[in-house]
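The block underneath contains the structure these notes are about, expressed in structure tokens.
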Amino acid sequence: MNGKSFLRNLSHKTKIMIATGIILVSGGVGTAATISNHQEQVKTAKSALYQQIDDLSDFKSSEFLPLTYTKIIDAQVEKYEKKHDNLKKYSDIEQIKSETKRVKKESDKAKALIAKNKSNQTLLESSIATAEAYFNDKNISSENKEKLSKLLIVFRKNIDDKTFEKLKEQNNSLKTASEQIKVQIDQTGAEGVRKSQATLEVQKNVQELLKSSYTSETDKQLLNTGLDNLAAAKTESSANSAVATLKETITATQKRNKPAEDKAKAEAEKKAAEAAKAAAEKAEVERKAAEKAEADRKAAEAAQATQAETANVNNTAASKWAIEDGYTWHTRKGHSTVIPPGGSLPPGYHWQVP
């Protein structure tokens, strides 16, 4: 086992004991109390140094460091361990502290890089989660879905490949793209609500109330404001909220309009009943008048028929001449006949007037 491996595998407590033993072997100057105090200081200083080397070595296993940097850490640890293999050279406290600061500086650098990479990866993973939610949203356009898919493939690969230097820039890029896509998703969602059959029915009810003479100006203003809010809604959620508010306004307006509508309805029904009654009475009068007129007509026709029949009979005590229509007394020869008393005038003939 070489010196580096031996030192790395020693426990922190063992390293301190070795450091203390070496100091005791090497001896010192001054009184026993001074030597003892110096030994304790060296022991403490070397303990801190070995702890820093161990901490730096532990950073190699971090998932938030690129492979190239872990190799740098490995080289640094190897350098420090090799440099401190000969512990006898490091009984000077100030030198030990100086080396400790140097190693700590490397550790702090690695720690800061890990924190930075972890933070950037966490932010990017959060942005990816948000983008994936947009990717699966029902309102995303096919164009934006394809765009987002390509970005997600690249960014996930960079996380897997530990390309940490690109994470912050890619997070900003993904956030910008997601924000733009969110606008499209929101607009599409809001428009979908506005064009839905349920919303169209609500808008129809609003228009009917706006035309109603029973709706107050205050309620009309509330209804128009509701329509404006629906038209201005930029998200599906805000559009649904505007529809819900409109429904509440419709219900409240209908409730306020009902007394006046009921009164008007009752009055209209009363007027309709009165009109129906008047129409029925008028129809009865007209029916009776028509029946009388028909009876009078028939009576007149009967009288005319009786008169005509009487006129076509020779009611005198003497015979009468009947002349064919179209002929006169002077041209009666061959076109006339004598009708005895009680005889009837032949069709197409007329009486000869003396």
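The numbers here are math on the coordinates, done by the rules we state, and not lab data. None of the values given here were measured: they were computed from a predicted structure. Cβ: placed from backbone, ideal geometry, glycine included. Neighbour counts: every protein chain shown.
Taking Lys and Arg as +1 and Asp and Glu as -1, the other residues whose beta-carbon sits under 14 Å from that of LYS292 total -1. With θ taken as phi - 60° and the Karplus curve 6.51 cos²θ - 1.76 cosθ + 1.60 applied, the whole-hertz 3J(HN,Hα) list for the range 195-203 is 8, 5, 4, 4, 5, 4, 5, 4, 5 Hz, x standing for glycine and proline.
Amide H contacts of LYS320: ILE339, each under 5 Å away and 5 or more positions distant or on a separate chain (H built 1.01 Å from N in the peptide plane; Pro and chain starts excluded). The radius of gyration of the Cα set in the range 199-285, together with its Dmax, comes out at 19.3, 69 angstrom. Close amide H partners of VAL313, meaning residues 5 or more places away or on another chain with modelled amide H under 5 Å apart, are LEU345.
Under the simplified labelling scheme, the ALA299-ALA275 pair shows an inter-label distance of 3.8 nm, with each label point 7 Å from Cα along Cα→Cβ. Taking a straight line from the alpha carbon of LYS271, these lysines sit under 17 Å away, with near neighbours fewer than eight places off in the same chain left out: LYS263, LYS282.
In the calculated pair-distance distribution of the range 231-328, the portion above 17 angstrom amounts to 79 percent of the Cα-Cα pairs. Partners of LYS333 within straight-line reach, counting lysines whose Cα lies under 23 Å from its Cα and excluding those fewer than 8 residues away in the same chain: LYS320.
Where does each of THR218, THR225 land when they are ranked from fewest to most other beta-carbon atoms within 10 angstrom? Walk me through the numbers before you get to the answer.
Numbers: THR218 10, THR225 14.
In increasing order of surrounding Cβ atoms, one gets THR218, THR225.
Listed from fewest to most Cβ neighbours within 10 Å, the set ILE53, ILE128 follows the order ILE128, ILE53. 3J(HN,Hα) along the range 207-215, derived from phi through the Karplus expression 6.51 cos²θ - 1.76 cosθ + 1.60 where θ = phi - 60°, amounts to 4, 5, 5, 5, 7, 5, 6, 8, 7 Hz, with x in place of Gly and Pro. Just list whichever of LYS60/LYS105; LYS195/LYS255; LYS111/LYS175; LYS157/LYS234 have alpha carbons separated by over 24 Å in the model shown. From the list (LYS60/LYS105; LYS195/LYS255; LYS111/LYS175; LYS157/LYS234), the Cα-Cα distance tops 24 Å for LYS195/LYS255; LYS111/LYS175; LYS157/LYS234. The phi-based Karplus calculation (6.51 cos²θ - 1.76 cosθ + 1.60; θ = phi - 60°) puts the 3J(HN,Hα) values of the range 295-301 at 5, 4, 4, 4, 5, 5, 5 Hz, whole numbers, x for Gly and Pro. Protection proxy ranking for 338-349, 227-238, using the average of other Cβ atoms within 10 Å per residue and placing the highest first: 227-238, 338-349. As a proxy for reagent exposure, TYR214, TYR69 were ordered by neighbouring Cβ count within 10 angstrom, fewest first; the result is TYR214, TYR69.
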